[in-house]
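The structure appears right after this line, and notes come after that.
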Amino acid sequence: MITLSNEEKVLKNFINGEWMDVAERENVYNPADGKEFLEVPNSDAAAMDQAVEAARIAQKDWALVPAPQRAEILYKIGAIMKKKKERLSQLLTLENGKVIEEARGEVQEGIDMAFYMAGEGRRLFGQTTPAELKDKFAMSQRHPVGVVGIITPWNFPIAIATWKTFPAMVAGNTVIWKPSSETPMMASELAKIFKEAGLPKGVVNVVYGSGATIGQAMIEQEAIRVISFTGSNETGRKVATECGKQLKKVSLEMGGKNAVIVMEDADIDLAVEGILWSAFGTSGQRCTACSRVIVHKDVREILEKRLLEEMKGLTIGDGLDTKNKVGPIINQAGLDKILKYMEIGKEEGAKLLAGGKQLTVKNYEKGFYFEPTLFTDVTIDMRIAQEEVFGPVVSLIEVNDFEEAIAVNNKVKYGLSSSIYTQNVNRVFKAQRDLDTGIVYVNAGTTGAEIHLPFGGTKGTGNGHRDSGVQALDVFTEWKAVYVDYSGKLQRAQIDTDA
Ligand code: TXE
């Protein structure tokens, strides 16, 4: 198992390619044992000023580096991440709690994103198009927006950061990144990798601090033209309001209330596997986690029975121990929130079939553990069927037919991910058309996004932008339309078109 030196336990901001200490720090806790294991800067707005100045200066040169050469650095970053995959994965489990197998998967997602976006360095396609006048040429091009701000949460501290940082960099922007102080290690490790790969100073800057101080200071910076945020709906609204005041472009990803639909013709064993993985993986702390199961009345009984059987086999504990399938919750506040929903669910009349309690794991008494939980007899209007619990908690809702299943799926304020288990091809095509979410899975759970597809959702999940995929480039580029008239005379669009 990995051990950290005393020096490694005190994190610093990364500004203009240098490690910068600050006057104030706060402690970071390992969710598996509840013990302090790191110190992270609690920066003030002056650190943000410094970072923005560095990024502003660096951007002028970085934008002039040909994109394929910017991409070469990204290839190096990907290669170093690959070499350090096991170290990164273990550190990720230490700070976030997710089980090591999942941590490895998340780090791999970052590596994939590096190579994928490096490939974009040789594309960054615009369009050429006929002009409506003779001897005239028309094209559209992508240009960097300048300095961009990235705000990331604790649940995917490396994957989400790479979805945002890598497209921004390859497109010629420079970046200020405010990671969540719950999970600061990945930002520090990535900054080391950027340095090792030869990324010019100031291209990516990491500033740690609270959302209220550093997040707000970032948004207020005039030089930052785009904010890309992932986190809670409540914070996302604040960020969007602040950005709106300044006419600043903002991309938001704010979670979901994702459902697996199980129809009467489904392969039940397959559905059970998918539900377990989507609902209890990362202890339910994924924005795509399955937190509702919408089940056809004919298979409800068997599905409940099979789920209960399989839930018994989920071992819970420290994520670094490979026998464990479910790790801890991120912190006490996360636990308290889940506990609050247990009371709400019971008061609303839902039936608790399994779980529902905080767990004490031997030798990890101060860790934040919660039992995988299943509520049944849930109706769509209940709060546990509507609100993001962000824990290993599933609500089962019975429906009479396919149409009702789709309607129940869509009757929430979020729209991130949905899934349907059925063998009927007609239903498959109707479902992918009618499910009102940005991501749809057929005969698979609600999680498992691949980096070359757009990630994001409808309604309360986002504001129309997407992370990852080629679509992420739209967040970090401005489109420019260029007309070249080689006729040697004045030609007026829409007027001289008959000539
Ligand atoms: O999220 P926040 P937190 C949900 C989940 C969780 C709850 C709280 O339900 O239990 O949110 O988690 C920064 N201006 N999700 O507190 O507060 C903050 O420092 C600018 C779901 O971690 O939204 C962090 O870097 N920035 C979600 C980031 O925003 C601000 C993933 C997210 O913090 C800010 C995470 C401000 N005023 C949490 N206030 C998902 N669905 O994936 C905070 N921040």
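The values are calculated or read from the model by the stated rules, or taken from the named source; none is laboratory data. Every value quoted in this text rests on a predicted model; they were computed, and no experiment measured them. Ideal geometry is used to build each Cβ from the backbone, glycine not excepted, and the neighbour counts take in all protein chains shown. We work out accessible area using only protein heavy atoms, side chains counted, and drop any ligands, DNA or RNA first. Shrake-Rupley method; radii C 1.70, N 1.55, O 1.52, S 1.80 Å.
Accessible area per residue was computed with a 1.4 Å probe on protein heavy atoms; Ser180 scores about 20 Å².
Largest accessible area first, the residues Glu95, Glu304 order themselves as Glu304, Glu95 under a 1.4 Å probe with ligands, DNA and RNA left out. Membrane-span-like helices in the chain, defined purely by DSSP H runs whose alpha carbon atoms cover 27 Å or more axially and whose average Kyte-Doolittle hydropathy reaches -0.5, are 45-64, 100-120. Here's how it looks for Val295: its modeled amide H is under 5 Å from those of Val262, Ile397, Glu398, Val399, which are all 5 or more places away or on a different chain. Kindly identify region 81-221 as rounded, prolate or oblate by the Cα gyration tensor criterion: order the square roots of the eigenvalues as a ≥ b ≥ c, call it rounded if a/c is under 1.5, otherwise compare a/b with b/c, prolate if a/b is larger, else oblate. Prolate, because a/c is 1.5 or more and a/b exceeds b/c. In this structure the chain gives 42 Å² per residue of accessible area when probed at 1.4 Å with all protein chains present. Sparse packing (at most 10 other Cβ atoms within 10 Å of the Cβ) combined with a DSSP loop state is found for the following chymotrypsin sites (Phe, Trp or Tyr not before Pro) in region 407-499: Tyr486. Legend: distances between Cα atoms for Lys257/Lys325; Lys164/Lys459; Lys337/Lys357; Lys136/Lys489; Lys249/Lys480; pairs beyond 18 Å are Lys257/Lys325; Lys164/Lys459. Using a cut-off of 24 Å between Cα atoms, the listed pairs Lys98/Lys366; Lys12/Lys362; Lys9/Lys85; Lys84/Lys195; Lys305/Lys346; Lys297/Lys346 include Lys12/Lys362 as exceeding that distance. Across region 30-36, coupling constants 3J(HN,Hα) worked out from phi with the 6.51/-1.76/1.60 Karplus curve, θ = phi - 60°, read 7, x, 6, 10, x, 9, 5 Hz, and Gly and Pro carry x.
Over the chain, the fraction of Cα-Cα pairs per 20 Å bin, rounded to whole percents and listed from the shortest bin up, is 23, 52, 22, 3, 0.
Could you check how much of the accessible area of the chain is carbon and sulfur, as a whole percent, using a 1.4 Å probe? Carbon-and-sulfur percentage of accessible area, whole number: 51. Partner aspartates and glutamates whose Cα lies under 13 Å from the Cα of Lys340, excluding those fewer than 8 positions away in the same chain, are identified as Glu348, Glu387, Glu388.
Mind checking the log10 I(q)/I(0) for region 258-442 at q = 0.19, 0.20 Å⁻¹? Debye, one equal scatterer per Cα, no solvent, two decimals. Those come out to -1.28, -1.40, one per q. Placing Ile57, Ile214 in order of accessible area, with the largest value first and a 1.4 Å probe, yields Ile57, Ile214. In region 1-129, the inverse of the mean reciprocal separation of distinct Cα atoms equals 17.5 Å; this is its Kirkwood hydrodynamic radius.
Per residue of the chain, the DSSP helices (runs of n ≥ 4 H) give a summed -39500 (n - 2.57) that works out to -11000 deg cm²/dmol at 222 nm. One quarter of the convex hull surface built on the alpha carbon atoms of region 222-351 amounts to 11.5 nm², the projected area averaged over directions.
To the nearest 10, the accessible area of Lys411 is 130 Å² with a 1.4 Å probe.
Taking Val378, Val10 and ordering them by how much accessible surface each has at a 1.4 Å probe, largest first, produces Val10, Val378. Note on the chain: antiparallel DSSP beta bridges, both residues inside, total approximately 45 percent of the bridges counted. Taking the DSSP beta bridges in region 258-442 as the whole, what percent of them are antiparallel, to the nearest 5? Percent antiparallel among DSSP bridges in region 258-442 is about 20.
Stretching Glu234 away from Arg492 to a fully extended chain increases their span by 87.9 nm, per 0.36 nm per residue minus the current alpha-carbon distance. Highest mean packing comes first when the peptides 320-326, 105-111 are listed by Cβ atoms within 10 Å, giving 105-111, 320-326. Between the C-alpha center of region 357-434 and that of region 32-100 there is a gap of 34 Å.
Computed with every protein chain present, the accessible area of Arg427 is close to 40 Å² [probe 1.4 Å]. Taking amide hydrogens as placed 1.01 Å from N in the peptide plane, the amide H of Ser210 sits under 5 Å from those of Ser43, each at least 5 positions away in sequence or on another chain. Of the peptides 189-195, 220-226, the order by per-residue mean of other Cβ atoms within 10 Å, starting with the highest, comes out as 189-195, 220-226. Can you list residues from other chains, or at least 5 along the same chain, whose modelled amide H is less than 5 Å from the amide H of Glu26? Under 5 Å from the amide H of Glu26: Val40, Asn42.
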